[in-house]
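Please treat every number below as a calculation from the coordinates, not as lab data. For clarity, every value in this text was computed on a predicted model and none was experimentally measured. Backbone-built Cβ (ideal geometry, glycine too); neighbour counts: all protein chains shown.
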Protein chains: 2
Amino acid sequence: MTQLKILYSAIALSLALTGCSALPTAQIIDPLPSWNEGQSKTNIIHFVNTVTNPLNPDYVPANERIATFDNDGTLWSEQPIYFQLLFAIDRVKQLAPQHPEWQYTQPFKAVLENDKQALLAAGKKGLLELIMATHAGLTSAEFTQIVKNWLATAKHPKFNRPYTELVFQPMLELLSYLRANEFKTYIVSGGGIEFMRPWVESVYGIPPEQVIGSSIKTKFEIRDNKPVLVRLAKINFFNDKADKPVAINQQIGRRPIAAFGNSDGDLQMLQWTAAGAGARFMMLIHHTDALREYAYDKDSHIGKLDQAMDFAQQGNWTVVDMQKDWEVIYPAQ
Amino acid sequence: MTQLKILYSAIALSLALTGCSALPTAQIIDPLPSWNEGQSKTNIIHFVNTVTNPLNPDYVPANERIATFDNDGTLWSEQPIYFQLLFAIDRVKQLAPQHPEWQYTQPFKAVLENDKQALLAAGKKGLLELIMATHAGLTSAEFTQIVKNWLATAKHPKFNRPYTELVFQPMLELLSYLRANEFKTYIVSGGGIEFMRPWVESVYGIPPEQVIGSSIKTKFEIRDNKPVLVRLAKINFFNDKADKPVAINQQIGRRPIAAFGNSDGDLQMLQWTAAGAGARFMMLIHHTDALREYAYDKDSHIGKLDQAMDFAQQGNWTVVDMQKDWEVIYPAQ
């Protein structure tokens, strides 16, 4: 028995020295160092403590801890236009010599003439049209390589950094914090699944099977005696607004207990999440930082935030004021 | 130091007593007790040892260990007809008084007249038609409840057991064995996702987000101030043959390293799996046991196994002879 007491003392000492203890980690090490103290941070930590505490009536077993994140404007920036649209623009310019007809047809004409207004007017559906036209006939494997090549060289016009560095440091910490508490973190984005999958695992720690997004149809074919999946010039699914809960039900089959967005395109996902029983967490990122990122909401062509803000106020959802709540925006260079 | 030696001795003794050791588990405890010794069992264990051994050139990191399983005829029985079709038949009979037109239209007429030939001729697509017609307008939550109620009472005509007990014991062991080796196990079935999800987690240990199948379209609506998902009478996706690899790429975004099926409907999934680099495992279940289950292959309306068998022989895939390879078929009552 004395031997055991010695052992216990040694363990207690080493825990004290390394900063570990039986108390909740949040009280010792800040899991969200890039979040300034305030209501947003308090709400997150309170929610996580609630659903992970087996003694709390709102405890949620680990297999039901589903958290869904919009991507554009929620996990990374989306201005001056969606980054996937910038990728499509570069592809159109590259392929234009083989497509003389693009000089006369929208949205290609807008791209070749750098007509931003016409391009914005084409919206997310226009983006998908560009993607389809510039990538039809490629296999999934070929397309993945093209995305990787672009990301390795392209830089953002304002920040002059690779796009994969323009992810929000506070959200990276939030993803890690949730996963450390046995949440399964999903992307539920209007972006293309095969545009996101090549990089989100290394950047966000989100594996390809947890990426839900828009897609074009693919077809199984045997080419040179090998099976391939060929990308067709047809929309398969456009993952926005009321189709986000549809896709969540289709692919996850469980209602999320936490959902994170930044625009009216995320409203139904947050409503669907809010309507479940027990503790729920809904968060909107409000882009309020013109200096360090961008400031926009109800009048923006990209990431319009209007109706969802009304619902957030009525439903007591957490609204992040980027300028006030975030100590830093992007990871250090 | 003497204290530590005492501790180590105690640990070594308890490991010896509990049958644990540093040697591979397979040599001590049989992970597949319902599999008779033979080529099939040897192949499975050899494959798992290969991809999980970090020193083997064919080692696969845990996050890439994706295994996909067909359901009907691979994880549970599918005779005399798909169990989901038996469910749909019961629903048609129940709802028939409200649908006098069904007396004159196929495939409903066949159901009401117990015309098995006409029903079989309608095939998997006919099943989906029945499901759609009998379940349109219901919310996903209501449908889930109907499935649960049916499974709690319905019994198989030959075995007089609930359908969820007609799962293959050797395959349950295989699923557990793979998961114990950090595989992520998926269902990739022609069956409906909302027909499978209510029971596969408790029966197979496969969570809803790892169920890929056929589906009808759903629509997000606000009813009585609450958001619901309503099931529409329209096919969304029919997950069979060449569409299985399409759905795998769509929802998992990684190529499986192991795939399990029993019919020509699984051929392309197995081809897609086989075409990846490194160690691969492809298995077909051959139903050869007329006494304990059913015996059928190339002439069967349900689970036809013809072309896939030729590919299996050419590609050296593992073919399970149910009668010879399986010590038991179903879990004990």
- Query: Quick one: B:Asp289, B:Asp266, A:Asp306, fewest Cβ neighbours within 10 Å first, how do they rank?
  - Reply: A:Asp306, B:Asp289, B:Asp266
- Which distances, in nm and shortest first, link the B:Ala141 label point to the same label point in every other copy, taking 7 Å along Cα→Cβ? 4.6
- Query: Nm distances between the label at A:Ala295 and the same-position labels in the remaining copies, 7 Å along Cα→Cβ, shortest first?
  - Reply: 8.1
- Item | Given charges at beta-carbon only (K, R positive; D, E negative), |dipole| of chain A in Debye | 760
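Let a ≥ b ≥ c be the square roots of the eigenvalues of the Cα gyration tensor of the stretch A:87-153; is it rounded (a/c under 1.5), or, if not, prolate (a/b larger than b/c) or oblate?
Because a/c hits 1.5 or more and a/b exceeds b/c, the stretch A:87-153 counts as prolate.
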- Note on the structure: Going fewest to most other Cβ atoms within 10 Å around each Cβ, A:Ile81, B:Ile206 line up as A:Ile81, B:Ile206
- Once you've got the GNM for chain A with C-alpha springs shorter than 10 Å, pick whichever of A:Lys109, A:Lys234, A:Lys219 has the biggest mean-square fluctuation. A:Lys219
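What is the average number of partner chain Cβ atoms found within 10 Å of a Cβ in A:211-222?
3
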- chain A, relative contact order [Cα under 8 Å, separation at least 6], %: 22
- Bridge type composition, the protein assembly as shown - antiparallel percent by DSSP, nearest 5: 40
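Please compute the average number of Cβ atoms from other chains found within 10 Å of each residue's Cβ in peptide B:231-244.
If you average over the peptide's residues, the count of other-chain Cβ atoms is 1.
Please give the charge dipole size of the protein assembly as shown, origin at the Cα centre, charges +1 on K and R Cβ atoms and -1 on D and E Cβ atoms. Round to the nearest 20 debye.
Approximately 120 debye in magnitude.
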- Item | Residue order, fewest to most beta carbons within 10 Å, for A:Thr74, A:Thr42, B:Thr153 | B:Thr153, A:Thr42, A:Thr74
- Task: Evaluate peptide B:250-258: per residue, the Cβ atoms of other protein chains within 10 Å of its Cβ; return the mean as an integer.
- Result: 5
